[in-house]
Number of protein chains: 2
Amino acid sequence: MKITLAQINFIVGDIDGNKEKIIAAAQQSKGSSLVVFSELSLCGFPPSNLLGYTDFIDRCEKAIDEIAERCDTIPLLIGAPVRNTSGKGKPLFNAAIFLHQGKRQIFKKKNVGLTNYFEPADETNILQLGCMKVAVTIGEDLYNIGEDEFLMTNRIDDFEEKPEIIVNLAADRFDYQRAAKRREILRMTALKHEIPLIYVNQVGGNANLIYDGGSMVFGYMGYVIKSLPFFKEEISTFDCELFISMKREDNQLIPSKMELIHDALVLGIRDFFQKQGFKKAVLGLSGGLDSALVIALAAKALGPENVMGILMPSQYSSDHSVTDAIASAENLGCPYHIVPIKTAYDAFEETLKPIFKDLPFDVTEENLQARSRGVIVMAISNKFGNILLNTSNKSEASVGYGTLYGDLCGSLSVIGDLYKTEAFELCRYINRDKEIIPWHTINKPPSAELRPDQKDTDSLPDYPILDAILYQHIELSKSAEEIVEQGYDEVVVNKVVKMVYRNDFKRFQLAPVLAISPMPFAMREMPIVKK
Amino acid sequence: MKITLAQINFIVGDIDGNKEKIIAAAQQSKGSSLVVFSELSLCGFPPSNLLGYTDFIDRCEKAIDEIAERCDTIPLLIGAPVRNTSGKGKPLFNAAIFLHQGKRQIFKKKNVGLTNYFEPADETNILQLGCMKVAVTIGEDLYNIGEDEFLMTNRIDDFEEKPEIIVNLAADRFDYQRAAKRREILRMTALKHEIPLIYVNQVGGNANLIYDGGSMVFGYMGYVIKSLPFFKEEISTFDCELFISMKREDNQLIPSKMELIHDALVLGIRDFFQKQGFKKAVLGLSGGLDSALVIALAAKALGPENVMGILMPSQYSSDHSVTDAIASAENLGCPYHIVPIKTAYDAFEETLKPIFKDLPFDVTEENLQARSRGVIVMAISNKFGNILLNTSNKSEASVGYGTLYGDLCGSLSVIGDLYKTEAFELCRYINRDKEIIPWHTINKPPSAELRPDQKDTDSLPDYPILDAILYQHIELSKSAEEIVEQGYDEVVVNKVVKMVYRNDFKRFQLAPVLAISPMPFAMREMPIVKK
């Protein structure tokens, strides 16, 4: 018996396009006893409030009919929303639908998580596939093994008759710890129940969310007997005879943290552009590490000729800021322009003089520089249709070190979920074979260059300390007190935690941030008004 | 037997402050057999991811101990998160806690809705109060009566023994339809079970969310025998003898839609400022209706002396735009400044000339004007510490008629959940006794004045038609096809729906919007990348 895993990059809401991808994958898998797709494959994941539109569900239903008809001879298991016709509970189920020779069987997700639309199912799901009983589970239905006792119930525990194979249709977003965690959760599920397990995950970027694929099959012994690549589409068939394999060497290999993050960000940028029909990007190049990193990632994702750098020096800019910025564009082969901000900045000073009179230079004037740059780079974006990439990082976003409507402009934040120390590390990863990002940029002390001789460390602790505190507070939800107990300086910790606490209003207005950590700010939802 | 309803304005996360408010309310209610507070009163609602911090829950526990001790003789029912110690499910319960003379009884919410942290309770909640059995329910536990069969299960149906009173601790956000819906849902619950019902709602603004209070008591006959005001704190005691009252005249009176919206927005602005320790606001005054409405609302909320208007005329500004803007500030007694944008705009044109060369005037130059204004008004905000109010409306936000980092700047969007036609109506409501908002502003054709003789209707349908289509699509989740079936022009509907669909990226970066409709964009969560 052969089973096919279809790891596909779907577009949210593109029911017709996704339908065609499903049919194409099915047709190249003739002879398989089952072709398994990912969670909500038909509508793309996450569909969010598109589910609230009646015609959206109607169109899903029509597409299912068409798939059933055109793939009549190929047994398929696809993900789609289906209506709850019971008259009780929420209007939809998050379902897996088995289609074969006019037969149609619907399996519903139990642990529906956060959505407004899905009713949790209460029946167990057994698909009779030839002489095999297959347990059909969706996403988090399987996540209840491991150290965290608060994870949801494992669906297999509910089954009265023991299945012979577990299938899991997933749309499990990427973070740099996730692949290893997921593999162990699934392995332990297979081992606990002594059943082979087939896991199919979505791949691709959907705005801020990145899905990494990494679909795999576990045999009886809990080894990965088949694994699909990360960050790439693949349709791949295996023979169930492999279930008894004890080959350890074919275990899923997980790339290093920096390789994962790199590939995730490149895919995230590429899909953000391709799926919206955009080709060209623009960004401000300061000569600093963040913009040098973003242009390198964007050049990789979109091609260097499609990424335009804009240098916007001011009177406070160092000489090396310009030479480093030029080097970062030229190393990659990206076009660039130099647009000094002096004229614009002076115009604002003159315009505001009657109101500001002789009040001293303060953060207002720093912001005026950042905002003059924002206006310039947005004008270039408007005029030429290049999408503006934001270059701020997670350390800055955490403590509010950045200017709203200035350097925080942009349609997509590329490295906004990387702490500065991680941005450094990623630069070194990119430069592992040769200098792509200028070493001088990587090695000089970070500075916003908004006043004479400014350094980031004038107002912030050194990044390794800052980032360690931020990681404890944001990723691990530790309070200031708990962080101090670990040996960090109390004054520093309290200052940092207070800065995080006070800057939710700024983060609220940020561009979508490509999510690569276990706790991106978009998922941390914090009240803006609080005490 | 006397029972007290404590309708209080809590601050999210301010456990100490909320604790003191609870204790003060309790102490002025001595002699009551029960003092009822709103849902999650101790931590304020919604606490969001503050619940993820261990020390936050620790501090709640300590505060509960202190309340129990200091109010020992007064029977209280407060709302707070409590730990789930069962080792299964999510880490917390959303609970009501009864405190009296060392006794402590915990009642848990069943229908916990969307949160990440709360495990739904599976036991029913009976509080023995003297000889009375009181059913303790929280928020949506009661919402299952009325036309919508998909609303959640009504908790009272679960109870094995019939209670003699129903109590509901709520934090039910305001929308202009909500008070009437809520009153009918609660009335039908009381009638169905033939039990008196006590409903206590939170009051106050928390960033974009507004809670309207309107707590009330229903007698056996389903009449409101006691009602507390909307949008105000009140602690009020009634005698349970009233339960048998048949007085119709004391039914809760619900103000008109415009009065509700007006009072909600004024409370929303005031609490946004007060709870964060801000006093002063600033906004751009264009001479148009939106900014005239916002300055009137802000002057009411903060005092006219605390609201500064900035007029930023350009070469395309009409004469009346300046005179109307001045009138709107002077009518209220607000300070204002005139800051022409010509110098800044010309500086950007000059700066960009080497790149733009002779490319024609397009949306880039329109945006340059809006963004020059954004920079100016943000600089004034930074220099003087005035918080920038955003003045865009929901019609604009829907179709993307507005400039990111330009007129979309601001820390709080005041009328971003009002369609333009509703903004007109609210102006007329404010002017019902005398001219506060200049009538000329209200009566002239809307224009962004970003190019010569521009009118909104150059690129948009008339507002009454536009808003009717938007309401169908956004509030009622109707597809383009369904809207056309109602008799609207197909070309117009398709154009409008497409504009809504394409502008999620803009709405993503908006300031928090005071929510007054049943479907504010913040709750409509849509994928940015979609097809």
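Within segment A:59-104, if we keep just the residues that are more than 32 Å from the chain's Cα centre (by Cα) and assigned to a strand (DSSP E or B), the residue that is nearest to A:LYS21 (Cα to Cα) turns out to be A:HIS100.
Out of curiosity, is A:ALA179 surrounded by fewer than 24 Cβ atoms within 10 Å (Cβ to Cβ) and more than 25 Å from A:MET132 (Cα to Cα)?
On the way: surrounded by fewer than 24 Cβ atoms within 10 Å (Cβ to Cβ): yes; more than 25 Å from A:MET132 (Cα to Cα): yes.
It is true that A:ALA179 is surrounded by fewer than 24 Cβ atoms within 10 Å (Cβ to Cβ) and more than 25 Å from A:MET132 (Cα to Cα).
In segment B:272-294, which residues are without any contact (Cβ under 8 Å) to a residue 40 or more places away in the chain and in a helix (DSSP H, G or I)?
Residues of segment B:272-294 that are without any contact (Cβ under 8 Å) to a residue 40 or more places away in the chain, as a first pass: B:274, B:276-277, B:279.
Listed by number, the list holds a single entry, B:GLN274.
When restricted to residues that are of a type outside the set (Lys, Arg) and closer than 16 Å to A:ILE376 by Cβ, segment B:348-362 contains 9. Which residue is nearest to the other protein chains (Cβ to nearest Cβ), if the candidates are limited to segment B:1-24 and must be crowded, with 24+ Cβ neighbours inside 10 Å and out of contact with any helix residue (DSSP H, G or I) (no Cβ under 9 Å at 6 or more places or on another chain)? So the residue we want is B:GLN7. Condition check for B:GLN105 on (1) surrounded by 17 or more Cβ atoms within 10 Å (Cβ to Cβ); (2) closer than 21 Å to B:PHE159 by Cα; (3) in contact with a Phe, Trp or Tyr (Cβ under 6 Å, 6 or more places away or on another chain): one failure, at (1).
Can you name the residue in segment B:186-205 that is modelled with pLDDT of 95 or more and either over 15 Å from B:VAL136 (Cβ atoms) or among the small types (Gly, Ala, Ser) (or both) and, of all such residues, is farthest from the chain's Cα centre (by Cα)? Filtering segment B:186-205 for residues that are modelled with pLDDT of 95 or more and either over 15 Å from B:VAL136 (Cβ atoms) or among the small types (Gly, Ala, Ser) (or both), the one farthest from the chain's Cα centre (by Cα) comes out as B:ASN201.
Within the bounds of segment A:234-249, is there any residue that is touching a helix residue (DSSP H, G or I) at 6+ places or on another chain (Cβ under 8 Å) and among the charged types (D, E, K, R)?
no
Take B:VAL492 and decide whether it is of a type outside the set (D, E, K, R) and in a helix (DSSP H, G or I). The answer is yes for B:VAL492. I'd like to verify a number: residues in segment B:16-58 that are in a loop (DSSP other than H, G, I, E, B) and free of Cβ contacts under 8 Å to residues at least 24 places away in the same chain, how many? So the answer is 1.
Would you be able to say whether some residue in segment B:196-218 is away from chain A (no Cβ under 14 Å), out of contact with any strand residue (DSSP E or B) (no Cβ under 9 Å at 6 or more places or on another chain) and assigned to a loop (DSSP other than H, G, I, E, B)?
Our first condition is that a residue be away from chain A (no Cβ under 14 Å); within segment B:196-218, this holds for B:196-201, B:203, B:212-218.
Checking the rest, the ones that are also out of contact with any strand residue (DSSP E or B) (no Cβ under 9 Å at 6 or more places or on another chain) come to none.
Within segment B:196-218, none of the residues are away from chain A (no Cβ under 14 Å), out of contact with any strand residue (DSSP E or B) (no Cβ under 9 Å at 6 or more places or on another chain) and assigned to a loop (DSSP other than H, G, I, E, B).
Remark: A:CYS427 falls outside the filter, which requires a residue to be touching a residue at least 12 places away in the same chain (Cβ under 8 Å) and either within 13 Å of chain B (Cβ to nearest Cβ) or within 18 Å of B:LEU408 (Cβ to Cβ) (or both). The residues of segment B:58-93 that are farther than 25 Å from B:GLN27 by Cα and of a type outside the set (Phe, Trp, Tyr), listed by number, are B:ARG83, B:ASN84, B:THR85, B:SER86, B:GLY87, B:LYS88, B:GLY89, B:LYS90, B:PRO91, B:LEU92. For segment B:322-374, taking the residues that are more than 7 Å from chain A (Cβ to nearest Cβ) and more than 30 Å from B:ALA281 (Cα to Cα), the one that is surrounded by the fewest Cβ atoms within 10 Å (Cβ to Cβ) is identified as B:ASP358.
Filter segment A:217-240 down to the residues that are over 15 Å from A:LEU197 (Cα atoms) and crowded, with 21+ Cβ neighbours inside 10 Å and list them by number. Don't jump to the end; show me each part of the working.
Taking segment A:217-240 first, the residues over 15 Å from A:LEU197 (Cα atoms) are A:229-236.
Answer for segment A:217-240, where residues must be over 15 Å from A:LEU197 (Cα atoms) and crowded, with 21+ Cβ neighbours inside 10 Å: A:PHE230, A:PHE231.
For segment B:283-307, filtering for residues that are in contact with a strand residue (DSSP E or B) (Cβ under 8 Å, 6 or more places away or on another chain) and either surrounded by fewer than 24 Cβ atoms within 10 Å (Cβ to Cβ) or under 12 Å from B:VAL414 (Cα atoms) (or both) leaves 7.
Yes/no matrix, rows are residues, columns are (1) among the hydrophobic types (A, V, I, L, M, F, W, C); (2) buried (at least 19 other Cβ atoms within 10 Å of the Cβ); (3) modelled with pLDDT of 95 or more; (4) more than 26 Å from the chain's Cα centre (by Cα):
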site	(1), (2), (3), (4)
A:SER411	no, yes, yes, no
A:ALA423	yes, yes, yes, no
A:ILE483	yes, yes, yes, yes
A:ASP489	no, no, yes, yes
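As a summary of the residue check, B:ARG432 satisfies the conditions (1) of a type in the set (D, E, K, R); (2) buried (at least 20 other Cβ atoms within 10 Å of the Cβ); (3) part of a loop (DSSP other than H, G, I, E, B) except for the one numbered (2).
Every test in (1) in a helix (DSSP H, G or I); (2) surrounded by 18 or more Cβ atoms within 10 Å (Cβ to Cβ); (3) of a type in the set (A, V, I, L, M, F, W, C) is passed by A:ALA448 save one, and that test is (1).
A search for C-beta distances below 8 Å between a residue of segment A:378-389 that is facing chain B (nearest Cβ under 9 Å) and any residue that is of a type in the set (S, T, N, Q), counting only pairs 6+ apart in sequence or on different chains, returns A:MET378/B:ASN367; A:ALA379/B:THR364; A:ALA379/B:ASN367; A:ILE380/A:ASN386; A:ASN382/B:THR364; A:ASN382/B:ASN367; A:LYS383/B:THR364. B:PRO313 meets the conditions (1) within 14 Å of chain A (Cβ to nearest Cβ); (2) crowded, with 22+ Cβ neighbours inside 10 Å; (3) touching a Pro at 6+ places or on another chain (Cβ under 7 Å) in every case but one. The failed one is (2).
Filtering segment B:477-520 to residues that are within 12 Å of another protein chain (Cβ to nearest Cβ) and among the acidic types (Asp, Glu) leaves B:GLU481, B:GLU482, B:GLU485, B:ASP504.
Working only within segment B:435-445, note down all residues that are in a loop (DSSP other than H, G, I, E, B) and either in contact (Cβ under 8 Å) with a residue 40 or more places away in the chain or hydrophobic (A, V, I, L, M, F, W, C) (or both). Even if it seems obvious, please write down each step before you answer.
Initial filter on segment B:435-445 (in a loop (DSSP other than H, G, I, E, B)): B:435-438, B:444-445.
Once the filter is applied, which keeps residues that are in a loop (DSSP other than H, G, I, E, B) and either in contact (Cβ under 8 Å) with a residue 40 or more places away in the chain or hydrophobic (A, V, I, L, M, F, W, C) (or both), segment B:435-445 yields B:GLU435, B:ILE436, B:ILE437, B:PRO438, B:LYS444.
Right, B:LYS530: within 12 Å of another protein chain (Cβ to nearest Cβ), buried (at least 20 other Cβ atoms within 10 Å of the Cβ) and over 28 Å from the mean Cα position of the chain (by Cα) or not?
Judged against the criteria, B:LYS530 is a match.
Select from segment A:52-110 the residues that are β-branched (Val, Ile, Thr) and within 30 Å of B:TYR143 (Cα to Cα) and write down the one among them that is farthest from the other protein chains (Cβ to nearest Cβ).
A:ILE106
The values are calculated or read from the model by the stated rules, or taken from the named source; none is laboratory data. Treat the numbers as computed from the prediction; the structure is a model and nothing was measured. Glycine also receives a Cβ, built like all others from the backbone with ideal geometry; neighbour counts cover every protein chain displayed.
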